[in-house]
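Worksheet for the structure shown next.
Derivation of every value follows stated rules applied to the coordinates shown; laboratory data play no part. Computed from a predicted structure; not experimentally measured. Positions of Cβ are backbone-derived with ideal geometry, glycine not excepted, and every protein chain shown enters the neighbour counts.
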Amino acid sequence: MRKGSVLSAFFGVMRRDALSLWRRRADALNPIWFAAIVITLFPLALGPEAAKLARIAGGVIWVIVLLASLLSLDALFRADLEEGSLDLMLTSAQPLAVLAAAKILLHWLATGLPLVAITPIAATALGLSPKALPVLLTSLALGTPIISVIGACAAALTAGLRRAGMLLSLIVLPLVVPVLIFGAGAVEASLTGTSTTQPMLLLAAGLVASIALGPLVCAAALRLGNH
Amino acid sequence: MNAFLTWLTSFGSPEKFHRVALRFEPWLLGLAVATGVVGLYLGLVKGPADYLQGESARIMYIHIPAAWMSLFIYGFMAFAGFCALVWRFKVAELMAMAAAPIGAGFTAVTLITGSLWGRPTWGTYWVWDARLTSELVLLFLYFGVIGLYNAIEDPRKGARAASLLALIGLVNLPIIHFSVNWWNTLHQGNSINLFAGKSSIHPSMLWPLILMAFATKFWFGASLLARTRAALVEFESGKEWAQAVLFGPRRPQA
């Protein structure tokens, strides 16, 4: 890996983001706490009846993961914009899409992956059938990166705004409806004993498409804000 | 081709657009009112009531054209947004943003008339039917575009950002529609199939529907031109032509 190559820029951005995340590691855990608390709220609101909770566990976890992923999106480009490193990325000789891809990947590693990692605990707490757990984990592993990609595009569009939080949810949530439907649908299918192949393949297709196109759209959105 | 492009881009001049729009607007509005009045008369008064659903089915003369417009306008908005992003036409930016509230309005009309119709027919205001759900998501997509445009202070930047969002939404729209259909067949076996019963529609019902489809298109045209015009004048209020529009031609100083 030569210095100044595209790859070194990619990993350089990732390392920098990882480092700044580590320096604020208490903040980085916020999505996890959020998910844990919201999962606790569901039995409190719906009653502790195990059969009912087990029935809705898959859908509930999917919605919570979706909302928790949104929490950290707001800040994805904000800090870079404020301290000026976004300008450096925009004027960099390296393709902006590659740098955006690095930021998106790190966002997923820092938010999506930990959420997937705590899912077995949450699923057990809600009493999800053990045979549906692998399906839930796989669907989350395929779906959360798509959420990160779409979310990053929306974050790029709203980067310069002061109160972008609500707007970000308004933009992102309709766009990720298919991810939620196929993800929660796969879990539902495994519970009812039908094949999960179709929703899984559709999620995988969505993942491939968003990896291919997402960084380009994200880069275009970042450029728009900087004319 | 080149001459056509030159002709087309000449509308990129705000002043010329304003002049042409002002000339077309009353015509479009007149056509909208004329076709709308005839269509509604044929549909609501003259036409037959549905043999199965009775008088309540007449709401379709508003509901169906509005539903067509909700998608048509989204497509138009994304197309105008595309032109705005690629060629940076100021007029295209303003047109895309002028189209958004009209489209959201038609989407809301579709949802409201649909649920009013659903109450006597299905016995409930709302069911999580695939069509209803996609239409609702479409409304949220419109809200996202409008919200983003309004949130960004610089209107040109805002219009371009919202245009890109409209394009992302356009790509996503078929996927959302497909996924919602898929979800619906998964969750409920006996979904209400709206259109299964009327694959062949009687001419006495088809004509008012066609007229109303034209009426809504004309209305959209008129409303779009008026909104774009107003936005142009506001945006260019410092320019001489806009001053002339607002306060009349400037008299020579005595």
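How high is the relative contact order of chain B? Use alpha-carbon pairs under 8 Å, at least six apart in sequence, and give a whole percent. Don't skip to the answer; put the middle values down first.
Values: 283 pairs, mean separation 83.5, N = 254.
Reported relative contact order: 33 percent.
Projected area of chain B, taken from the Cα convex hull and averaged over every viewing direction, in nm²? Intermediate results must be reported in sequence, preceding the final value.
On the way: hull surface 70.6 nm².
Value for chain B: 17.6 nm².
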Arranged by the count of other C-beta atoms within 10 angstrom, fewest first, what order do B:Lys157, B:Lys46 take? B:Lys46, B:Lys157
Among A:Leu126, A:Ala219, A:Ser92, flag the residue with its Cα farthest along the positive direction of the charge dipole of the range A:75-227, charges on Cβ as +1 for Lys/Arg and -1 for Asp/Glu. A:Leu126
Expected integer from the mean partner chain Cβ neighbour count at 10 Å over A:23-35 is 0
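When the convex hull of the C-alpha atoms of the protein assembly as shown is computed, what volume per residue in Å³ does it have? Mind dumping the intermediate values first?
Numbers: hull volume 100.3 nm³, N = 481.
Enclosed volume per residue, from the Cα hull, is 209 Å³.
Calculated FRET efficiency, A:Leu67 and B:Ser56, Cβ-Cβ r, R0 41 Å, to nearest 0.05? Intermediate results must be reported in sequence, preceding the final value.
Working: r = 39 Å, r/R0 = 0.95.
Efficiency, from the Cβ-Cβ distance: 0.60.
So what is the calculated 222 nm ellipticity per residue for the protein assembly as shown, using -39500 (n - 2.57) for each DSSP H run with n of 4 or more, over all residues, to the nearest 500 deg cm²/dmol?
Values: 20 runs with 374 residues, N = 481.
It comes out at -26500 deg cm²/dmol, rounded to the nearest 500.
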Using a 7 Å offset from the Cα along the Cα-to-Cβ direction at both B:Ser237 and A:Ala45, what is the distance between the two label points in nm, to one decimal? 4.4
Pick from A:Leu44, A:Leu168, A:Leu99: which is most flexible by mean-square fluctuation in a GNM of chain A where alpha carbon atoms under 10 Å apart are linked? A:Leu44
Determine ³J(HN,Hα), in whole Hz, for all residues of the range A:108-115 in sequence, where each value follows from phi through the Karplus function 6.51 cos²θ - 1.76 cosθ + 1.60 and θ = phi - 60°; x replaces Gly and Pro. 5, 4, 8, 10, x, 4, x, 5
The range A:184-194 - phi-based ³J(HN,Hα) in whole Hz, Karplus 6.51/-1.76/1.60, Gly and Pro as x: 5, x, 5, 5, 4, 5, 5, 6, 8, x, 8
Mean Cβ count within 10 Å, highest first, over the residues of peptides A:175-181, A:89-95: A:175-181, A:89-95
All other residues with a Cβ under 13 Å from the Cβ of B:Ala21 taken together, and with Lys, Arg as +1 and Asp, Glu as -1, what is their net charge? +3
At a temperature of 20 °C and a viscosity of 1.002 mPa s, determine how fast the range A:3-46 diffuses translationally according to Stokes-Einstein, using the Kirkwood radius over alpha-carbon pairs as Rh; express D in µm²/s, rounded to the nearest whole number. 166
Shielding by partners - mean other protein chain Cβ count within 10 Å, residues of B:133-145: 3
Only counting other Cβ atoms within 10 Å, I'd like B:Trp183, B:Trp27, B:Trp241 sorted with the fewest neighbours first. B:Trp27, B:Trp241, B:Trp183
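Mind checking the alpha-carbon convex hull of the range A:112-183 and giving the volume per residue in Å³? Can you show the working numbers first?
On the way: hull volume 7.2 nm³, N = 72.
Hull volume normalised by residue count: 100 Å³.
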Surface/4 of the Cα convex hull for the range B:204-254, nm²: 4.7
Most exposed first by the Cβ proxy, i.e. fewest other Cβ within 10 Å, how do A:Arg55, B:Arg160, B:Arg229 rank? A:Arg55, B:Arg229, B:Arg160
In a GNM of chain B with a 10 Å cut-off on Cα contacts, which of B:Ala130, B:Ala100, B:Ala222 has the highest mean-square fluctuation? B:Ala130
Residues of B:166-174, mean number of Cβ from any other protein chain within 10 Å of their own Cβ, rounded to a whole number? 3
Measure off 7 Å from each Cα along the Cα-to-Cβ vector at A:Glu82 and B:Lys46, then give the distance between these two points in nanometres to one decimal. 6.6
Out of every Cα pair in the range A:1-147, what percent are spaced more than 19 Å from each other? 57
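First measure r as the distance between the Cβ atoms of A:Arg223 and B:Phe247, then evaluate 1/(1 + (r/R0)^6) with R0 = 41 Å and state the FRET efficiency to the nearest 0.05. Write out the running numbers ahead of the final one.
Details: r = 39 Å, r/R0 = 0.95.
FRET efficiency, A:Arg223 to B:Phe247: 0.60.
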